[in-house]
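One structure, as structure tokens, below. Some questions next.
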Amino acid sequence: LTVAKATATITLGGLSHTYDGTVKSATATTTPAGLTVTFNYVGARINAGSYDFSASITDANYTGSTTGTLVIGKATGTVTLGSLSQPYNGSPRTASATTSPVGLSVTFTYDGSATAPTAVGSYAVVGTLNDTNYAGTASDTLVITKGTATVTLGGLAPTYDGSPKATSATTNPASLTVNFIYDGSATAPTAAGSYAVVGTVSDASYEGTTSGTLVIAKATAVVTLSALTQTYDGTARLAMAATTPAALAVNFTYNGSATAPTGAGSYAIVGTVSDANYVGTASGTQNPETAYLKDH
């Protein structure tokens, strides 16, 4: 006489877990109740993932089996973004991140691209955990500010020649555009004098400024004295002078005095240019034997 085992049913449970570093197992109930169920798993069931298994009844009077899949979900990790404000330096600027648990890998996107940006600007950053057992994400804004350039002014000591005298500048990095202001004006000055200069970098990626003083020196004029020999007539005898460039005002001194002499004699004469843009001087002496004076 053969008595066959009856068929029992197995109802699986505990099929969904969250990673915590421990082994996870399914559960089972049977009909009839209380039968022993043996599980046969594929894999270690520690890391997040899906694990197939079979379950079978081990009993003297009942038989039954089923299959299932045990799923271990990723645990939640936290991501804290950093390095979100960086100056431009011509190379890609990447955000940084710390994680909890520590040491997890993070991948970044910048305005949706995996390529880190280089240019000055603001970029939406998303940092996402790239880990077998943890999931997490954070978002913020990476701001690449202008880099600092140095500006060195040049051409600060020209000589007047009637044309505007613009300051020059060198920059580091080299060849950046620099705008100049002279005593508050963008127009380069022409006249001799001193001017406060500010040079400011004008560039998409760099900023920088410096200040100095532009000094336009007076040009040298040539003074040629004349009328150095004159005859006494009882009036003041004035020297004369021609200038190059022409028509510049010339002041005279006679033996150190601004008063032209009247009496016969010899006088040391100095003619000095009086002009906003020119300097120049010449000296001469009246012939003492002729008792002459200069004429202006």
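Could you please tell me which pairs satisfy a Cβ distance under 7 Å, a separation of 6+ or placement on different chains, a first residue in segment 219-233 that is over 27 Å from A192 (Cβ atoms), and a second residue that is open to solvent by 80 Å² or more (accessible area, probe 1.4 Å)?
Matching pairs, first to second residue: none at all.
I would also like to ask the following. Considering each residue of segment 118-150, count those that are within 13 Å of S85 (Cα to Cα), under 14 Å from the mean Cα position of the chain (by Cα) and without any contact (Cβ under 8 Å) to a residue 60 or more places away in the chain, and give that number.
5
Cβ-Cβ below 6 Å, separation at least six or inter-chain, first residue in segment 191-204 and over 29 Å from A276 (Cβ atoms) and at pLDDT 95 or above, second aliphatic (A, V, I, L, M) and part of a loop (DSSP other than H, G, I, E, B): which pairs?
What qualifies is V201/A149; V201/L176; D203/L176.
Do you know which residues across segment 241-263 are assigned to a loop (DSSP other than H, G, I, E, B), within 30 Å of Y195 (Cβ to Cβ) and open to solvent by less than 60 Å² (accessible area, probe 1.4 Å)? Lay out the reasoning, then the answer.
Let us first name the residues in segment 241-263 that are assigned to a loop (DSSP other than H, G, I, E, B), namely 245-249, 255-256, 258-263.
Narrowing the set further to residues that are within 30 Å of Y195 (Cβ to Cβ) leaves 245-249.
Correct list: P245, L248, A249.
Kindly establish whether T213 is closer than 19 Å to T167 by Cβ, open to solvent by 30 Å² or more (accessible area, probe 1.4 Å) and within 27 Å of the chain's Cα centre (by Cα). Reasoning before the result, please.
Details: closer than 19 Å to T167 by Cβ: yes; open to solvent by 30 Å² or more (accessible area, probe 1.4 Å): yes; within 27 Å of the chain's Cα centre (by Cα): yes.
For T213, the condition - closer than 19 Å to T167 by Cβ, open to solvent by 30 Å² or more (accessible area, probe 1.4 Å) and within 27 Å of the chain's Cα centre (by Cα) - is met.
Checking the conditions here, which among V178, V197, V223 is under 30 Å from A282 (Cβ atoms) and either touching a His at 6+ places or on another chain (Cβ under 9 Å) or crowded, with 18+ Cβ neighbours inside 10 Å (or both)? Walk me through how you get there before you give the answer.
Details: V178 fails: under 30 Å from A282 (Cβ atoms); V197 fails: under 30 Å from A282 (Cβ atoms).
None of the other options fit; the residue is V223.
Give the residue that is farthest from the chain's Cα centre (by Cα), with candidates limited to residues of segment 221-240 that are more than 26 Å from D161 (Cα to Cα) and outside any loop (DSSP other than H, G, I, E, B).
From segment 221-240, those more than 26 Å from D161 (Cα to Cα) are 226-239; that's our starting set.
Those still in the list that are outside any loop (DSSP other than H, G, I, E, B) too: 226, 238.
Working: S226: 63, L238: 66 Å.
Only one residue tops the list, namely L238.
Follow-up question, since we're still on this one. Across segment 150-179, what is the number of residues that are in a loop (DSSP other than H, G, I, E, B) and either under 17 Å from A217 (Cβ atoms) or at pLDDT below 95 (or both)?
12
Right, something else. Would you check which residues across segment 14-45 are β-branched (V, I, T) and either touching a helix residue (DSSP H, G or I) at 6+ places or on another chain (Cβ under 8 Å) or surrounded by 12 or more Cβ atoms within 10 Å (Cβ to Cβ) (or both) and list them? Can you show your working first?
Going through segment 14-45, the residues β-branched (V, I, T) turn out to be 18, 22-23, 27, 29-31, 36-38, 42.
Selection gives T18, T27, T29, T30, T31, V37, V42.
In addition: Since T94 meets every condition but one in (1) open to solvent by less than 30 Å² (accessible area, probe 1.4 Å); (2) of a type in the set (V, I, T); (3) under 27 Å from P173 (Cα atoms), which condition does it not meet?
Just one mismatch for T94, condition (1).
Now a separate question. Has segment 96-108 got any residue that is aromatic (F, W, Y) and within 23 Å of the chain's Cα centre (by Cα)?
As a first pass, look at segment 96-108 and keep what is aromatic (F, W, Y): 108.
Okay, now just the ones that are also within 23 Å of the chain's Cα centre (by Cα), so none.
No: zero hits.
Name the residues in segment 101-153 that are within 30 Å of S168 (Cα to Cα) and surrounded by 17 or more Cβ atoms within 10 Å (Cβ to Cβ), would you? Write out each step before concluding.
Taking segment 101-153 and keeping what is within 30 Å of S168 (Cα to Cα), we get 118-121, 144-153.
Once the filter is applied, which keeps residues that are within 30 Å of S168 (Cα to Cα) and surrounded by 17 or more Cβ atoms within 10 Å (Cβ to Cβ), segment 101-153 yields V120, I144, G147, A149, V151, L153.
Return the total of residues in segment 71-87 being assigned to a loop (DSSP other than H, G, I, E, B) and at negative phi. Working first, answer last.
Quick first cut of segment 71-87, residues assigned to a loop (DSSP other than H, G, I, E, B) only: 74, 77, 83-84.
When the remaining residues are screened for being at negative phi, the result is 74, 77, 84.
Number of matching residues: 3.
Among G90, G103, G68, which is the only one that is touching a residue at least 24 places away in the same chain (Cβ under 8 Å), in a loop (DSSP other than H, G, I, E, B) and small (G, A, S)? I'd like the intermediate steps shown before the answer.
Values: G103 fails: touching a residue at least 24 places away in the same chain (Cβ under 8 Å); G68 fails: in a loop (DSSP other than H, G, I, E, B).
Being touching a residue at least 24 places away in the same chain (Cβ under 8 Å), in a loop (DSSP other than H, G, I, E, B) and small (G, A, S) holds for just one of G90, G103, G68, which is G90.
Residue check, G77 against (1) farther than 18 Å from A135 by Cα; (2) out of contact with any His (no Cβ under 8 Å at 6 or more places or on another chain); (3) crowded, with 17+ Cβ neighbours inside 10 Å, all met but one. Which one?
(1)
Just name the residue that is nearest to the chain's Cα centre (by Cα) out of those in segment 46-62 that are open to solvent by 60 Å² or more (accessible area, probe 1.4 Å) and more than 30 Å from N130 (Cβ to Cβ).
Residue satisfying both the conditions and the ranking: T58.
Also: Among the residues of segment 83-91, is there at least one that is open to solvent by less than 50 Å² (accessible area, probe 1.4 Å), of a type in the set (G, A, S) and closer than 30 Å to I144 by Cα?
Yes.
The values are calculated or read from the model by the stated rules, or taken from the named source; none is laboratory data. Because the structure is predicted, anything quoted here is derived from the model rather than measured. Cβ atoms come from the backbone with ideal geometry, glycine included; neighbour counts cover every protein chain shown. To get the accessible areas, we keep the full protein, side chains included, count just its heavy atoms, and leave off ligands, DNA and RNA. Shrake-Rupley method; radii C 1.70, N 1.55, O 1.52, S 1.80 Å.
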